[in-house]
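Data first, discussion second: the structure below is written as structure tokens.
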Ligand code: COI
């Protein structure tokens, strides 16, 4: 049972849907639930406000934090759906386990999101291609400077309106010096440290004119893994190729959806190791190669330029590229224009 305290006024009246930066404007409410003495307390939905915590909270010092990112959409008939919250729920708990944090119950996670989105659905306009980005997260709140697994946690869910994360096709640099994640590490977990640790190499790439890096395996730097904000997919000769999941790659929900959609469209899907040399050879053969990022925020983001070992290559990004067919089908399912045969849409 969620205790709900509704906000008296909405911040939406001051929000400009035509000109905004992703992730700055919260919606009107936040879900909060504390974990103490070995169990979850009653969750509450409150008017959005800052959270008060001890400066000695363990999360601030040793990085016990985990988050998820998912989306709610308004369909053409006005109904609101949440996209694959069950898969996000499983990934959230897998990340929590890796970070020694307590699992959340499906009821708290999914009913909490549904209840929150019911209160915020007025942020989803009828016309514009705007969706609601939902950010569940958990932090270790026990006030203690000794290095230990926290005994206290706070689970929260906030939402923010979202348009396109990347408004333009991106330029990516394959990173062969720095490492994001090694086998046996936490690369597959959606924990805050994975992102913080990626900032420096990404910033260096930015200085060189790239939007992001594509990480390679930590041992040999010969195989591509994922980009900082999205998984990577490639189309060559009607084959969809994407790096096989491992302990150093995030099990992306959009990645999994695109794989299914590609199979349904009759494409051959190869989840396997992708060697840099293979990509270089394909580019040098003059073949049409599509490369794109896939992620909840990024959806499908075309890569217009990729720097591999110091040479820039230019993947195919014209309007008839296969990635746009995949993107359209994904969008059609979410918007209720195409049959949702895998029950990915959860109505609120
Ligand atoms: C997501 O796609 O949900 C992410 O976590 C990436 C982040 C850049 C917003």
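As I understand it, the value is the acute angle between the Cα axis of helix 322-334 and the longest principal axis of the Cα atoms of the chain; what does it come to in degrees, rounded to 10?
That works out to roughly 20 degrees.
Given the DSSP H assignment, sum -39500 (n - 2.57) over each helix run of at least 4 residues in the chain and divide by its residue total; what's the result at 222 nm in deg cm²/dmol, nearest 500?
Value at 222 nm, helices only, nearest 500: -6500 deg cm²/dmol.
Starting from the Cα-Cα distance between residue 75 and residue 238, subtract it from 0.36 nm times their residue separation and give me the gain in nm to one decimal.
55.7 nm
Quick one: Cα centre-to-centre distance for the stretch 260-327 and the stretch 221-246, in angstrom?
A separation of 8 Å, based on Cα centres.
Among 249, 130, which comes first, second and so on when ranked by fewest other beta-carbon atoms within 10 Å?
Ordered from fewest to most neighbouring Cβ atoms within 10 Å, 249, 130 come out as 130, 249.
Using the count of nearby Cβ atoms within 10 Å as a rough guide to exposure, how do 118, 144, 255 rank from fewest to most?
Exposure proxy ranking, most exposed first: 118, 144, 255.
If we count other beta carbons within 10 Å of each Cβ, what is the order of 29, 122, 221, fewest first?
Arranged by neighbour count, lowest to highest, 29, 122, 221 become 122, 221, 29.
Would you please put 13-19, 135-141, 284-290 in order of how densely packed they are, using the mean number of other Cβ atoms within 10 angstrom per residue and starting with the highest?
The densest-packed peptide leads the list: 135-141, 284-290, 13-19.
For a test of the definition: using alpha carbon positions, the gyration tensor, and the 1.5 limit on a/c, classify the stretch 4-151 as rounded, prolate or oblate.
Verdict is prolate for the stretch 4-151.
For the stretch 125-201, rounded, prolate or oblate, judged on the Cα gyration tensor with a ≥ b ≥ c (square roots of eigenvalues), a/c < 1.5 rounded, else prolate if a/b > b/c?
oblate
If R₀ is 56 angstrom, what is the calculated FRET efficiency for the pair residue 318 and residue 1, using the beta carbon separation as r and rounding to 0.05?
Efficiency computed from Cβ-Cβ geometry: 0.55.
Let a ≥ b ≥ c be the square roots of the eigenvalues of the Cα gyration tensor of the stretch 58-123; is it rounded (a/c under 1.5), or, if not, prolate (a/b larger than b/c) or oblate?
Cα axes put the stretch 58-123 in the prolate bin.
Once the Cα atoms of the stretch 4-80 are picked out, what are the Rg and Dmax in Å?
16.4, 49
Tilt of helix 253-264 relative to the longest C-alpha principal axis of the chain, in degrees (0 to 90, nearest 10)?
50 degrees
Compute the helix-to-body angle for 85-98: its Cα long axis versus the longest principal axis of the chain, expressed 0 to 90° and rounded to tens.
Computed tilt is about 90 degrees.
How far, in nm, would the chain grow between residue 107 and residue 151 when pulled straight, counting 0.36 nm per residue and subtracting the alpha carbon separation?
Between residue 107 and residue 151, full extension yields 13.7 nm more.
Quick one: if the Förster radius is 51 Å, what FRET efficiency do residue 338 and residue 56 give, using the C-beta to C-beta distance and rounding to 0.05?
Once the sixth-power term is evaluated, E becomes 0.50.
Please give the FRET efficiency for residue 271 paired with residue 13, using the beta carbon to beta carbon distance and R0 = 45 Å, rounded to the nearest 0.05.
That pair, residue 271 with residue 13, gives E of 0.45.
Coordinate-derived values only; no laboratory data. Because the structure is predicted, anything quoted here is derived from the model rather than measured. Heads up, the Cβs are rebuilt from the backbone with ideal geometry, glycines too, and the neighbour counts pull from every protein chain shown.
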